[in-house]
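Undergrad: Before I ask anything, here is the structure I am working with.
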Amino acid sequence: MRPASCIFKWICMIIFLASFKTSIASQYHLTYDGIISKTVSTTLLVTETTPPDNNGDGKSLTLRNVGEQISIAIGRSVARKSCHLKQNDEHVCANDIPIENDCVYKNEFNIGTSLTCQVRYVDSSIGIDVNMNFQEITEDVENEDVDLKGYAFLGVDAVVRSIKNELSREMAIHIVESIEETTEDESSFWSMHGTKGVRRTHHQQKSGRNEASQSPLSVESTILSNHGIERKRRLFSSNINATTAKISTKDTIEIWEYDFNERGRFTSTRRALFLDSILQYDTSINSKVHAEAFVHPSMIANPFARRVLILSASPLPMLREILKYKEVEHVEIVGANIASLDLTRIFMPELDDCSGYASGNGNNSCLDDDRVKLVLENTDEWLHDFLTNPKNVIDDDDDEDENNDDDDDDDDDDGDDDDNDYGRDDIDINKITEWIEGRKNWITIKDELDFYVIMVDVPMESTSENADHWLSVSFIDKIKRLISDDGILVANIGYSPSMEDQSRAKLEPMLEARNKFLHELSRDEELGGLEFESATLYDEPFSAPFMTSFVVAFELDKYGEDPSYDRFYRKNFAAIDLDIAERLHPAALHPSMSLKLYDGPTHILYTRPSRAWETWYCNQPLYKDLKPCTTFLPNLFDFSRHHSKTEVRRDPIKGRSLFTLEDIPSGNFFLLEDAVWNLKLDAREWKALNKFIADFADAKMYSDLRDFFLAYGYEIETIGSTGWGVSLATNQTFTNHACDAKYATVSTIEDLTESVDKGVDVGFSPVITRRGEMVGTLSVSTRDLLAGEEITQDYKSFREDITKHPEFEKFLSQSMCEDNIGLVPLE
């Protein structure tokens, strides 16, 4: 007898193990372990073989009756399905295709009745073996939810072999569907159960490839192997329904519906769309969080995001977030799978719902918004055409939508989540046909040369071909040419690297492509790089199982009116929250449409890469020998390298001078406390302060505050930090200027951003971005210092680029060094 714990509905799950045994044959292995009622009655069991029972109603059958009929029903369903897939016409497939079905019945004392059935179906292209074991539950099992009297344990072990992977996979999924349909009983507490684990391997696997089913986004992983799923059914498959629905697509499209148990608290009904077995989006909160993390950090950073480009096969969730911004005038979508968009609007209309902020169409559809242009060319063709003929017009009529958006079937209401209370009836394929045939082609007018924000939705799959292309320097370089001055590029790049074993990345082709891409982000173009001025990484773990890691790269215009870089790295979350309130449509902030996770505090978290990315960075060949990894990080947590024993002495000319009271070896940290006790204003706060002073010149205390920063402070312009800082409560503020830089005893650690390539500064460093303010404040000794030596520093390093501050440079060389006039008057 199986343990009593198996009575709980979220245990006793299907195990679906998929594996290719050779390069010739494809094999899937399925095991199922669940509980059924002996009063099972479904359409599959109502056949001419159903024996009469005591009541004459086809119910109250014995375990032997039920078991034999279930095995026959599944066997015949499998045979018909196999015929249908090969003939592509279910009408030519007979209902009584020969199958082998052998059952052995046992009735043992203290064990009860059991039945073992073996079902076999073999034809020229496929072989299917299904072993089923039924065991009657004879002892009383305590369960507050259901009385198990009259129930039986069901165990299934099935193997599907075929010369075609598509055929064997489809048949394996059909067995799952047949089991749950055959054993479903509306009067029973138990319906279908979830699956437990999926894995597929090749004995003779091609180098550099991993199959889709190994991806955490595959159907096998997200649906068939998910412990939290209690009921599932496939609503649409282009392999089965495309001909009927007159859908043309070279990709395999599947739409699934399932009940997901939220950690035992409640059950929600969701729908999900898959392209070539890879999850694109679903109706879960995770999918929305992924879209928010993808879209809003870059959109909120660019105040002029009037034109946005989306490169994506599945752009709807992102589009829905982009259109929430009032300033958006044009959104160009390239590379979308048109059939999947059509089907999404039928099966998941909420993902196309821009109620209250859709423009000009009157039906609240995001795709029908007047600002949206959907390109029918593939991505490479469009890029070539756009770059060579930027004013080209793809001629067609204005699009319109005949969709009535009431695709949900009548609701049987079985207590699922109200937000996604989908009907249980079969989907009307004719409805899809009618809608798709009625829609006209889309129009795209390429009326400008650039975009303020470009979003690259790298295909969510683990095979290397697409990743190598989408993340290649040649491809991204073309896209970079479309970015406006001060524009932003954002891309999803997989998942946060493992901190346990960085070498695992070598086993993942997509990760190899990603690593190459990140290496080239800020390298000089003459060295084969992309030469973005700056780039950073951020993670959103709540978007799992969708990709959780993103990269954002800036075409920097730091001296523009309101640079995106400065806006992205704002340190005050209230500024982000205010932006959201001001720039998003009021309807988009309604509770039913509001942001689920993204806000000001969340954005601040995004500005600092995770420790996992820092570890990844220092394990990469290109970066591991740079000073952030070889010197800065190792020394930072070595307290013997920190020195803070100093003394301030009065000086008749300098006013105050700072001296060390201990020996300090070269390259050691000096007064790190200066980064702790520090007042900072980011670049936008600094500009706001100066504007306020200009508007209210008589508000003297504000001009005094600015002058305090100018006299005692310094610009902080490292990767990930902007603005000004000033020491608040450390002796470091009394460090005097070294008129000759070679006599300076401490300096900032400027060479942290120097790369191995011709001394060119890098604009991408998770190490520095994680600690931007510290790096911009920190001082190190330039040589071995003896106790009693004066601490001096070249003040020219207090400006991010001294050539842009000629007046300050002149003051240092003449007024300070020749006339002994300091920044602060002598007391």
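The values are calculated or read from the model by the stated rules, or taken from the named source; none is laboratory data. Please read these numbers as outputs of a predicted model, since none were measured by experiment. Note that we place each Cβ from the backbone using ideal geometry, even for glycine, and neighbour counts take in every protein chain shown. Just so you know, the surface numbers come from the protein's heavy atoms only, side chains and all, with ligands and any DNA or RNA stripped out. Shrake-Rupley method; radii C 1.70, N 1.55, O 1.52, S 1.80 Å.
Undergrad: Can you name every residue in region 596-620 that is of a type in the set (A, V, I, L, M) and out of contact with any Ser or Thr (no Cβ under 9 Å at 6 or more places or on another chain)?
TA: Hits for region 596-620 are Ile604, Leu605.
Undergrad: Restricting attention to region 220-234, and to residues there that are in a strand (DSSP E or B) and at pLDDT 80 or above, which single residue is surrounded by the fewest Cβ atoms within 10 Å (Cβ to Cβ)?
TA: Checking each candidate, the answer is Arg233.
Undergrad: Which of the residues that make up region 734-749 are in a strand (DSSP E or B) and more than 19 Å from Glu773 (Cα to Cα)? Give the derivation first.
TA: The initial filter retains those residues of region 734-749 that are in a strand (DSSP E or B), namely 736-737, 746-748.
Within region 734-749, Asn736, His737 qualify.
Undergrad: Moving on. Show me the helices (runs of 4 or more DSSP H) entirely contained within region 442-559 in which 1 or more residues are of a type in the set (D, E, K, R) and either open to solvent by less than 20 Å² (accessible area, probe 1.4 Å) or at pLDDT 90 or above (or both). Working first, answer last.
TA: Numbers: elements: 464-470, 473-480, 509-520.
Once the helices (runs of 4 or more DSSP H) in region 442-559 are filtered for at least 1 residues that are of a type in the set (D, E, K, R) and either open to solvent by less than 20 Å² (accessible area, probe 1.4 Å) or at pLDDT 90 or above (or both), what remains is 473-480, 509-520.
Undergrad: Still on this structure, please answer the following. If you take the residues of region 353-367 that are out of contact with any Leu (no Cβ under 6 Å at 6 or more places or on another chain) and buried (at least 23 other Cβ atoms within 10 Å of the Cβ), which of them is farthest from Leu584 (Cα to Cα)?
TA: Step by step, filter region 353-367, then rank; the result is Leu367.
Undergrad: Of the residues Leu710, Leu679, which is under 43 Å from the mean Cα position of the chain (by Cα), assigned to a helix (DSSP H, G or I) and either at pLDDT 90 or above or on the phi > 0 side of the Ramachandran plot (or both)?
TA: Sole residue among the options that is under 43 Å from the mean Cα position of the chain (by Cα), assigned to a helix (DSSP H, G or I) and either at pLDDT 90 or above or on the phi > 0 side of the Ramachandran plot (or both): Leu710.
Undergrad: Please determine, by comparing only the residues of region 629-655 that are open to solvent by 70 Å² or more (accessible area, probe 1.4 Å) and part of a strand (DSSP E or B), which one is farthest from Met816 (Cα to Cα).
TA: Ranking the candidates gives Glu647 first.
Residues checked against (1) open to solvent by less than 10 Å² (accessible area, probe 1.4 Å); (2) assigned to a loop (DSSP other than H, G, I, E, B):
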{"position": "Val295", "(1), (2)": "yes, no"}
{"position": "Ala313", "(1), (2)": "no, yes"}
{"position": "Pro317", "(1), (2)": "no, no"}
{"position": "Arg320", "(1), (2)": "no, no"}
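Undergrad: Hey, another quick one. Where residues in region 764-809 are under 18 Å from Ala535 (Cα atoms) and open to solvent by 20 Å² or more (accessible area, probe 1.4 Å), which of them is nearest to the chain's Cα centre (by Cα)?
TA: This residue is Arg770.
Undergrad: Turning to a different aspect of this structure: Checking Asn110 against (1) modelled with pLDDT under 80; (2) under 19 Å from Tyr32 (Cβ atoms), only one condition comes out false. Which one?
TA: (2)
Undergrad: Would you pick out the residues in region 297-311 that are under 22 Å from Tyr606 (Cα atoms) and either open to solvent by 10 Å² or more (accessible area, probe 1.4 Å) or assigned to a loop (DSSP other than H, G, I, E, B) (or both)?
TA: Within region 297-311, Asn302, Pro303, Phe304, Ala305 meet the criteria.
Undergrad: Now for a separate question. Within region 354-379, can you find the residues that are over 14 Å from Lys324 (Cα atoms) and in contact with a helix residue (DSSP H, G or I) (Cβ under 8 Å, 6 or more places away or on another chain)?
TA: Residues satisfying the conditions are Leu374, Val375, Leu376, Glu377.
Undergrad: Follow-up question, since we're still on this one. Among the residues of region 589-628, count how many are surrounded by fewer than 20 Cβ atoms within 10 Å (Cβ to Cβ), in a helix (DSSP H, G or I), of a type in the set (A, V, I, L, M, F, W, C) and modelled with pLDDT under 95.
TA: Adding up the residues that qualify gives 2.
Undergrad: If you don't mind, there's one more thing I want to ask. Output the residues belonging to region 598-645 that are within 24 Å of Ile664 (Cβ to Cβ), of a type in the set (A, V, I, L, M) and free of Cβ contacts under 8 Å to residues at least 40 places away in the same chain.
TA: Listed by number, the list holds a single entry, Leu636.
Undergrad: Next question. Hey, can you tell me all the residues within region 235-265 that are in contact with an Asp or Glu (Cβ under 7 Å, 6 or more places away or on another chain), at pLDDT 60 or above and not polar (S, T, N, Q)?
TA: Leu235, Phe236, Asp251, Asp259
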